[in-house]
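What follows is one structure encoded as structure tokens, with my remarks underneath.
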Amino acid sequence: MIVALVRPVPESIAQCELTHLERVPIDHGIALAQHRQYVDALRALGCEVRELPELPDLPDSVFVEDAAVVLDEVAIITRPGSESRRDEVPSVAEALREFREIQLIERPGTMDGGDVIVAGRRIFAGLSSRTNVDAIRQLGALTSDFGYHTQSVAFRGCLHLKSAATMLSANTILLNPRWVDPEVFEGMKILEVEPDEPYAANALAVGDTILFPEAHPGTANRLRSAGFVVSGVEASELAKAEGALTCCSVLVRPLPCEKPLSLHFLARVTKC
Ligand code: CIR
């Protein structure tokens, strides 16, 4: 069983941060309906969905992935690279403390969870406008005792590393070779997106099923041909906010936490 943390789409999504895309109108009703479909798909795949409190004044708060990196041993609460997103973090920490020891990325580090790919004991952290060298060093230091090796990854063309590449299974990665160098992922089986579908590298693997946007049928066919079970969802409205499928949830294997976060520590999350 997997717990999926999600958060409703606020009406203020129209004022979201944008880096690579031009602002176009976002229809809140369509965004809500597509988000509902996404949440239903997670439920249908056996996830226990936990809805975090809506944050009406935080336009990007539906993109919960950016607030945390969850490993089996520890959850790392990020310090998002965009100041407008920092107040999203405490409620994610609060929800995770039941399941994991919590650690924090601290100033001057900045990190968005969307820049972090975990592949077994290898962690790939994208260096981006949101994630800096200091935060990647902190992530490495917080996880090395558990046997993880963290490496920083250069990429281009998109906001987060996970727009350029995501894991499909334990050893297979889907990527856009124009945005990230496939050689970074040496030792893995690599599937490339259809060349005319640059945004197709963000897929959400839930168990053996790949949740995948309907907008990229060519790449969906490539996944099916490679033997993956693909479940399509519409995600076009939040794509206008530069959000993809992984961004809208934090997936957690529920393990009882032996070192629950103290309230004193939780107060630090709100200050950093
Ligand atoms: C932002 O710029 O922060 C949001 N508009 C999009 C965040 C998408 N999150 C993700 O890719 N992990």
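For this structure, a couple of remarks:
- Pairs with Cβ under 6 Å, 6+ apart, first in region 183-199 and surrounded by 16 or more Cβ atoms within 10 Å (Cβ to Cβ), second among the hydroxyl-bearing types (Ser, Thr, Tyr): VAL193/THR219; GLU197/THR219
Here's the yes/no breakdown for (1) away from the ligand (no atom under 13 Å from the Cβ); (2) in contact with a Leu (Cβ under 7 Å, 6 or more places away or on another chain); (3) of a type in the set (Ser, Thr, Tyr):
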site: GLY46; (1), (2), (3): yes, no, no
site: LEU55; (1), (2), (3): yes, no, no
site: LEU58; (1), (2), (3): no, no, no
site: GLU65; (1), (2), (3): no, no, no
site: ILE76; (1), (2), (3): yes, yes, no
site: GLU94; (1), (2), (3): yes, yes, no
site: GLU98; (1), (2), (3): yes, no, no
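- For region 1-44, filtering for residues that are more than 16 Å from the ligand (Cβ to nearest atom) and assigned to a strand (DSSP E or B) leaves 2.
- Taking first residues from region 107-126 that are closer than 13 Å to GLY140 by Cα and assigned to a loop (DSSP other than H, G, I, E, B) and partners that are more than 12 Å from the ligand (Cβ to nearest atom) and among the hydroxyl-bearing types (Ser, Thr, Tyr), the Cβ contacts under 8 Å between residues at least 6 apart in sequence or on separate chains come to ARG121/TYR148.
- Of all residues in region 250-267, at least one satisfies being out of contact with any Leu (no Cβ under 6 Å at 6 or more places or on another chain), of a type in the set (A, V, I, L, M), crowded, with 16+ Cβ neighbours inside 10 Å and at pLDDT 95 or above.
- Hey, ALA201 at pLDDT 95 or above, under 30 Å from PRO90 (Cα atoms), of a type in the set (Gly, Ala, Ser) and more than 16 Å from the ligand (Cβ to nearest atom) or not: no
- Test result for THR172, out of contact with any His (no Cβ under 8 Å at 6 or more places or on another chain), polar (S, T, N, Q) and in contact (Cβ under 8 Å) with a residue 60 or more places away in the chain: no
The values are calculated or read from the model by the stated rules, or taken from the named source; none is laboratory data. All values derive from a computational prediction rather than experimental measurement. Glycine gets a Cβ as well: all are built from the backbone with ideal geometry, and neighbour counts include every protein chain shown.
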